[in-house]
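A quick write-up on the structure given underneath.
The values are calculated or read from the model by the stated rules, or taken from the named source; none is laboratory data. This is a predicted model, so every value here is computed, not measured. Here Cβ is always computed from backbone atoms with ideal geometry, including for glycine, and neighbour counts include all displayed protein chains. To get the accessible areas, we keep the full protein, side chains included, count just its heavy atoms, and leave off ligands, DNA and RNA. Shrake-Rupley method; radii C 1.70, N 1.55, O 1.52, S 1.80 Å.
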Amino acid sequence: MKSAGVFPLRLGLAGLGTVGAGLVRLLDQNADWIRRRVGRDIVLKTVLVRDLAKPRDARLDPDTVLTTRPADLVVDPDIDIVVELMGGTGAAFDLIHSALAAGKHVVTANKALLAERGPELFALARAKGLGLSYEASVAGAIPIVQALKESLAANRIVSLLGILNGTANYILTKMTGKGLDFREALHKAQAKGYAEADPTLDIEGLDAAHKLVLLIRLAYGENYPLARLPVEGITSVTPLDIRFAAEFGYTIKLIGQVKRVDGRLEAGVFPMLVHGDYLLASVQGAFNAIRVEGDASGPMLFHGKGAGGLPTASAVMADVMALGRAGHCPNNTGFLEDPLPEADILDSDEAVCRHFIRFNVEDRAGVMAAISRVMGEEGVSIFQAVQKGDPETGFVPIVFLTHAAPVRAVRRVIEAVGRMSFLRPPTVHYRVL
Ligand code: NAP
Ligand code: HSE
């Protein structure tokens with residue numbers, strides 16, 4: 001197909017790493033298809049990187065300029081949209097802020113930045129009547145931002161939960177299925193390009209937390225400060241706990257969740273036991289999945305590739321193409337209020353759920369009775385229990401699966417048992433979905 005006759009849409013791309021290179025590839029491989037849908041050519045005019053000499057996989061058009069100066073994107077009057085795929089919260093903030101101030105639409109995949117400083121940038125975009133689009137920042141290729149902002153806009157969202165970090169899910173999948181240890185599985189995830197430049201964001205649950213904060217804004221129209229979100233990562237998940245969970249019929253997944261409880265938002269990111277019967281338990285590798293329940297729509301599950309160059313570029317291009325077509329003021333947050341009201345937050349310890357608790361104890365008479373007594377005193381009812389003897393060490397893991405109980409009560413049980421002489425730390429506690 002020949003070039004469209006109308007003027008092209010010109011992009012300034014910041015970042016030519018995993019996602020940036022994916023974008024270049026997608027623009028190249030589907031150019032005709034994209035032109036047919038947008039009605040214009042999409043041209044990559046300038047690309048910002050840190051290091052001009054770095055060897056790159058991306059095949060750039062000879063007319064595309066490679067630069068290390070952000071101003072070459074921001075000041076250039078020929079650039080219509082700045083696509084920010086650098087990551088980080090410093091230079092990326094400056095670039096997006098100055099691009100919006102200069103009257104350019106922005107597309108970004110940067111959930112860390114939007115979770116931490118989104119309100120400032122959305123306010124500026126709104127004041128300028130510009131698009132600040134971020135489909136790629138949550139769950140890679142899965143169109144969850146658009147779904148919450150537009151397709152489910154009439155619904156009150158009852159609950160939203162899911163697997164929001166591909167790297168963590170890949171690591172847990174490899175630990176569960178192949179028996180790899182944590183470090184081996186992390187290295188594989190990094191080699192595949194799933195992990196963030198700083199993988200602690202993935203394994204400590206922060207990347208999932210960034211995404212959850214964005215999803216809460218979209219689903220509930222409330223600003224849930226990142227600093228108040230309870231977050232636990234997967235670094236302490238052991239093959240032993242994965243095996244115990246499997247004995248009970250569960251798999252361990254890193255879950256981000258939010259629900260409305262008596263008017264307040266209960267939210268957090270935790271490694272959780274997910275029963276094998278749930279669809280989420282079968283989400284493998286770097287795939288993400290998000291279960292959303294709307295009051296009118298009922299429950300639905302979004303499942304797809306949450307990371308990687310092409311899948312993420314697919315979402316970036318959806319935003320670019322929407323802005324290329326738009327003739328009206330873009331809908332960035334899905335709500336008319338600016339700023340969004342602060343969330344009324346339910347304290348994490350007040351949450352009620354079932355629990356997995358593993359104590360490591362001396363193998364002697366009265367231990368099980370002592371633990372059971374404390375659990376009874378705190379109103380934590382045992383659903384199942386397993387003890388595995390080890391004649392070599394004299395210590396045994398005792399694992400409890402409980403009925404629903406407040407997190408606060410379980411913390412008190414763990415503290416009380418922690419003071420007993422037969423206990424050898426660490427005690428492991430996970431919530432059950
Ligand atoms: P990446 O592979 O580390 O690439 C980052 C790129 O940005 C590199 O080309 C780097 O230049 C450039 N860059 C970084 N800081 C810069 C600066 N201060 N000035 C100029 N250029 C700079 O990152 P990525 O994995 O593609 O991720 C990009 C963004 O997408 C992040 O916000 C990430 O959270 C998000 N995201 C990633 C994925 C994924 O699967 N990777 C999925 C969804 C969202 P050099 O090449 O010269 O070093
Ligand atoms: N590091 C992220 C992940 C990339 O593993 O899910 C996608 O946001």
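Observations
- Residues considered: L27, L52. Of these, the only one that is touching a residue at least 60 places away in the same chain (Cβ under 8 Å), within 21 Å of G87 (Cα to Cα) and in the same structural domain as D319 (by TED's automatic domain parsing) is L27.
- The residues of the stretch 205-216 that are open to solvent by less than 20 Å² (accessible area, probe 1.4 Å) and in a helix (DSSP H, G or I), listed by number, are D207, A208, A209, H210, K211, L212, V213, L214, L215, I216.
- Within the stretch 21-36, tally of residues that are within 24 Å of the chain's Cα centre (by Cα) and of a type in the set (G, A, S): 2
- Of all residues in the stretch 255-304, those that are closer than 20 Å to M175 by Cβ and either open to solvent by 20 Å² or more (accessible area, probe 1.4 Å) or of a type in the set (F, W, Y) (or both) total 7.
- Residue count for the stretch 235-247, restricted to those that are open to solvent by less than 20 Å² (accessible area, probe 1.4 Å) and either farther than 14 Å from H429 by Cβ or among the charged types (D, E, K, R) (or both): 2.
- The stretch 67-102, residues that are open to solvent by 60 Å² or more (accessible area, probe 1.4 Å) and aliphatic (A, V, I, L, M): V75, M86, A91
So that you can scan it fast, the table gives a plain yes or no per residue for (1) hydroxyl-bearing (S, T, Y); (2) at pLDDT 95 or above:
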| position | (1), (2) |
| --- | --- |
| I382 | no, yes |
| T393 | yes, no |
| V396 | no, no |
| T402 | yes, yes |
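- Applying the criterion of at least 1 residues that are open to solvent by 70 Å² or more (accessible area, probe 1.4 Å) and of a type in the set (S, T, N, Q) to the strands (runs of 3 or more DSSP E) found wholly in the stretch 344-412 leaves 382-387.
- Of the residues making up the stretch 34-46, none is in contact (Cβ under 8 Å) with a residue 40 or more places away in the chain, within 11 Å of ligand 1 (Cβ to nearest atom) and open to solvent by less than 20 Å² (accessible area, probe 1.4 Å).
- Residues satisfying the stated conditions in the stretch 185-208, i.e. of a type in the set (A, V, I, L, M, F, W, C) and either on the phi > 0 side of the Ramachandran plot or within 13 Å of ligand 1 (Cβ to nearest atom) (or both): A189, A191, A195, A197, L201, L206, A208
- A Cβ distance below 6 Å, combined with a sequence gap of six or more or placement on separate chains, defines the contacts here; from the stretch 189-211, residues that are over 17 Å from A227 (Cα atoms) reach residues that are within 7 Å of ligand 2 (Cβ to nearest atom) and of a type in the set (V, I, T) in the pairs A189/T167; Y194/T167; A195/T167.
- Only listed residue being open to solvent by 20 Å² or more (accessible area, probe 1.4 Å), modelled with pLDDT under 95 and within 19 Å of the chain's Cα centre (by Cα), chosen from P225, P199, P230, P143: P199
- Boolean, E150 is in contact (Cβ under 8 Å) with a residue 12 or more places away in the chain, within 15 Å of ligand 1 (Cβ to nearest atom), among the acidic types (D, E) and open to solvent by 10 Å² or more (accessible area, probe 1.4 Å): no
- Which listed residue, of I171, I163, is of a type in the set (A, V, I, L, M), in contact with a strand residue (DSSP E or B) (Cβ under 6 Å, 6 or more places away or on another chain) and surrounded by 20 or more Cβ atoms within 10 Å (Cβ to Cβ): I163
- Answer residue from the stretch 413-433, given it is touching a strand residue (DSSP E or B) at 6+ places or on another chain (Cβ under 7 Å) and among the charged types (D, E, K, R) and is least open to solvent (accessible area, probe 1.4 Å) among those: R431
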